[in-house]
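The structure appears below as C-alpha cells.
FYI, it's all coordinate maths here, none of it is from the lab. All of these numbers come straight from a predicted model, not from anything done at the bench. Ideal geometry is used to build each Cβ from the backbone, glycine not excepted, and the neighbour counts take in all protein chains shown.
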Amino acid sequence: MSAILPPLPVPTPESAGYWQAAREGRLAIQRCAACRHWFHPPEVICTKCGGEELSFENVSGRGTVYSYSTMYDKRVRGFEHRVPYTSVWVELQEQPLLIVVGNLVDAKPEDIRIGLAVEVFFEKITETVTLPQFRPARGRGGDK
C-alpha cells in the first residue's frame, strides 16, 4: 500500500514557471520588466504598474517569518505523519511584502516567531512535483 500524498499543486499557465523552477531547485518569482516589481502569486499583468512583460527571476530564498500557523490535527489526509507542522508566510529579502507560503521544518513549534530568519529548500514529492519549503536560516545572524 502506498503512502497518501498531501494535496498537490496544480500549475496554471501563470504559475508554471514557478513550479518548473522548484523542480530545478530554484526559487523563482515573477517580476515586471517595466517597473522591476516582484509579485507572488503569479499574475497575468504586473500588480504595480500593469505591465505585461513578466518573467520569473531567481531570488535568494532567504527571508523572515511574516506569519505562521502550527497544525496539530492528524485527520488531514496526507499530513498525518507530519503533525505537528507549521505553515509559514515568508517575507523574502528581495522586497518588502514579497510573500511566499510554505512549511517550516527543523524547528520546534515553541521556537517559531515572527521575524525568524529562514531559507528555502526543496522537497521532491513526486517525479513532477517539488515544493519550496523553509527551515531556520543557517549561517545568518539574528532576526529581522
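Annotations for the structure displayed:
- Note on the chain: helix-only mean residue ellipticity at 222 nm, from DSSP H runs of 4+ residues weighted -39500 (n - 2.57) and normalised by residue number, equals -1500 deg cm²/dmol.
- Dipole moment magnitude, nearest 20 debye, the chain about Cα centre, only Lys, Arg, Asp, Glu C-beta charged: 340
- Charge context of GLU80, other residues only, Cβ under 11 angstrom, K/R +1, D/E -1: +3
- Of the residues VAL65, VAL101, VAL90, the one that moves most in a GNM of the chain with alpha-carbon contacts below 10 Å is VAL101.
- Remark on TYR68: its backbone amide H falls under 5 Å from those of TRP89, a criterion applied only to residues 5 or more positions apart or on other chains, H modelled at 1.01 Å from N.
- Within the set [x] 18.5, 62; [y] 22.1, 80; [z] 15.9, 51, the number that Rg and Dmax of the Cα atoms in Å takes when calculated for this structure is listed as [z].
- 19 Å cut-off, amide nitrogen to a point 7 angstrom out along TYR72 Cα→Cβ, residues in the stretch 114-136: 114
- Leading residue at positive end of dipole, the stretch 44-144 (Cβ point charges), from VAL90, TYR68, PRO132: TYR68
- Mean projected area of the convex hull spanned by the Cα atoms of the stretch 12-58, taken over all viewing directions: 2.8 nm².
- Segment GLU52-VAL10, length gained on full extension (0.36 nm per residue, minus Cα span): 12.8 nm
- DSSP-defined antiparallel bridges as percent of all bridges, the chain, nearest 5: 95
- Measuring r between the beta carbons of ARG23 and GLU110 and using R0 = 30 Å, the FRET efficiency lands at 0.35.
- Fewest neighbouring Cβ atoms within 10 Å first, the residues TRP19, TRP89 line up as TRP89, TRP19.
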